[in-house]
Amino acid sequence: MSLTARTIRNVLSGPGLLLAGSAVLLFLLTFVLWPLVTAAATPSLQVWQDVLAGSRWRQVAFSTLWLTALSTTSAITLGLVFALAVTKLRVPGWRYFAWVPLLGLFSPPFVGALAIILLFGRNGLITSQLLGLDVSLYGWHGVWFSQTLSFFPLAYMVLVGVLRRVPSSLEQAASGYGSGSLAVLRHVTLPLARPGILAATLFVSLGVLSDFGTPMILGGRFRVLATEAYNRVTGWGDLQGGAVLGFLLLVPALIIYFVQARFAAADRFATVGGRGSFDAPLRTSGWGRGLVTGLCGAVTLVLVAKLGAILVGGFATVWGFDYTPTLSHLNWLTTRSADLINTMQYALLAAVLGTVVSLFAAFLVHAVRVRGRGALDLLTLLPAAVPGTLLGIAFVLTFNTGPLKLTGTAAIIIITMTVGALPTAYRICAAALQQVNRSLFEAASNLGAGWLAILRDLAVPLLRGPAGSAATLLFIHSIGTLSAVIFVVAPGRNLASVSILNLAEEGYWGGAAAIATVLMVLAGLVLLLARLLLGRNFRPFESL
């Protein structure tokens, strides 16, 4: 052990640190590990055999896997094209395109699915009203199209930060030796950006795999494991069978997670040399720039149309038949006002709780480096590989009875929101803390500061930007989450996201659009406020 590590550990050790570490560990054991163990142990061997032996479930599992692969590939490709257009190609209007993917972050995936129906469904504004086509988007193709548009902004936000750190001087050197733009991208830019591409693939694939709302709204007869697990629990009252289907989702999620982690650990690149240039655009042919510009422009139009459809849909009398403006759909905001209030309150509390847990966990693992930090790190990141459907079922099985009964309370909803987004917040805080020179902690320790003073006076100020970014993402994720919380809501404890899904399923498109508009505006205001308060320190995706 180094002198620095020994000094910090000796000075920071004490009852207060032990209490803080114990509280974080207890939270993770209680609300991450315990529910998963319970969900795995609850189904009988016969239930496992019945599900695994059924050809129907094998077909659903296969459909889930190939749809995940398809949607992930298209979302990553589109996000990469956007990121290259902004950072390396600098196509016409690139400053505008840099903000376009943020439009996709305003709405959860299931709201995007609702907008797709309003635009491209049988009575869609574009397909039916403008083009006179009678098409149906219900099925795998509609789910794929919607998921691509919903998840590519996440891929873009990860990739754009990675590509900005690729030295353009290396690309210019390759061009100077006669390499074309495609060769430079293939042999220089993309290899250096590979860790970021792997990280983006992880987040997008896990999001697609556990996406519940999009196939629920657009799937039709096309089935995936997330919706089948929900139907088995709510329609059949079969929690055991639902838990088994949830664990079928966990298997590919864990494989994706560990494969990405392994390749990311082995796939390390270093750029050598003195000062490098990072801001020079890559020289490309005119037709290449035109093709990329056209693609970005087309996607921009679709994203703007999606937001516009939700906004207009909340004020159209009957979408697809009568577009006369009306305020009648706003009555749904009154009748479901409790759901909106619940959503904002619970999301705010989840953001605070998740940020505090993430900060303490990152501080204990990367600053204090407590014994067992590897296990603590793994427990904090484990929910990233747990699909929301399985998490919701596991919470019901664990906290419906027994020593800690939380079913029907606000606490279980807040904790479900927190656990679902905890890995993202933890990654942001941990990445920022790893960049802090440990000599600062050593100096404070030598001056007699305790662990709480170091956390308060050093760690928290230095992590103000990352902590604010983590809290913002936690809040936005919480107001739009659906796949896990739909299992734990109760009468009087309902959420706006669940109300939107219920209204859409019942055909009340105007009411669903009106409530979705409120969620999108709220998400946009929170993002804007975070950007104004944190300035350049607001970089929530560059640490992922």
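Would you call Thr343 touching a Pro at 6+ places or on another chain (Cβ under 9 Å), modelled with pLDDT of 90 or more and among the polar types (S, T, N, Q)?
no
Does Ala53 fit the bill of being open to solvent by 60 Å² or more (accessible area, probe 1.4 Å) and at pLDDT 80 or above?
yes
Quickly run through the stretch 345-396 and pick out the residues that are farther than 23 Å from Ala490 by Cα and not in a helix (DSSP H, G or I).
If the condition is that a residue be farther than 23 Å from Ala490 by Cα and not in a helix (DSSP H, G or I), then Arg369, Val370, Arg371, Gly372 are the ones that fit.
Would you pick out the residues in the stretch 192-205 that are farther than 14 Å from Lys88 by Cβ, open to solvent by less than 30 Å² (accessible area, probe 1.4 Å) and of a type outside the set (Ser, Thr, Tyr)?
Ala199, Ala200, Leu202, Val204
Can you confirm whether the stretch 469-476 contains a residue that is farther than 21 Å from Tyr426 by Cα, β-branched (Val, Ile, Thr), at pLDDT 90 or above and buried (at least 20 other Cβ atoms within 10 Å of the Cβ)?
No.
Among the residues that make up the stretch 185-195, is at least one of them touching a residue at least 40 places away in the same chain (Cβ under 8 Å), in a helix (DSSP H, G or I) and under 19 Å from the mean Cα position of the chain (by Cα)?
yes
For the stretch 79-99, enumerate the residues that are farther than 17 Å from Arg289 by Cβ and crowded, with 21+ Cβ neighbours inside 10 Å.
In the first step, residues of the stretch 79-99 are kept if they are farther than 17 Å from Arg289 by Cβ; the result is 79, 99.
Result: Gly79, single match.
Output the number of the condition that Glu228 fails; it satisfies all remaining conditions of (1) assigned to a loop (DSSP other than H, G, I, E, B); (2) acidic (Asp, Glu); (3) modelled with pLDDT of 85 or more.
Answer for Glu228: the failing condition is (1).
Please state which of the following conditions Asp134 fails to meet, knowing it meets all the rest: (1) surrounded by fewer than 21 Cβ atoms within 10 Å (Cβ to Cβ); (2) in a helix (DSSP H, G or I).
The number of the failed condition is (2).
For the stretch 315-332, how many residues are open to solvent by 90 Å² or more (accessible area, probe 1.4 Å) and either touching a Gly at 6+ places or on another chain (Cβ under 7 Å) or of a type outside the set (Phe, Trp, Tyr) (or both)?
3
The values are calculated or read from the model by the stated rules, or taken from the named source; none is laboratory data. Remember, predicted model here, so these are calculated numbers, not experimental data. Because the Cβ atoms are built from the backbone with ideal geometry, glycine has one as well, and the counts that use them run over all protein chains shown. SASA here: full protein model, heavy atoms, side chains in, ligands and nucleic acids out. Shrake-Rupley method; radii C 1.70, N 1.55, O 1.52, S 1.80 Å.
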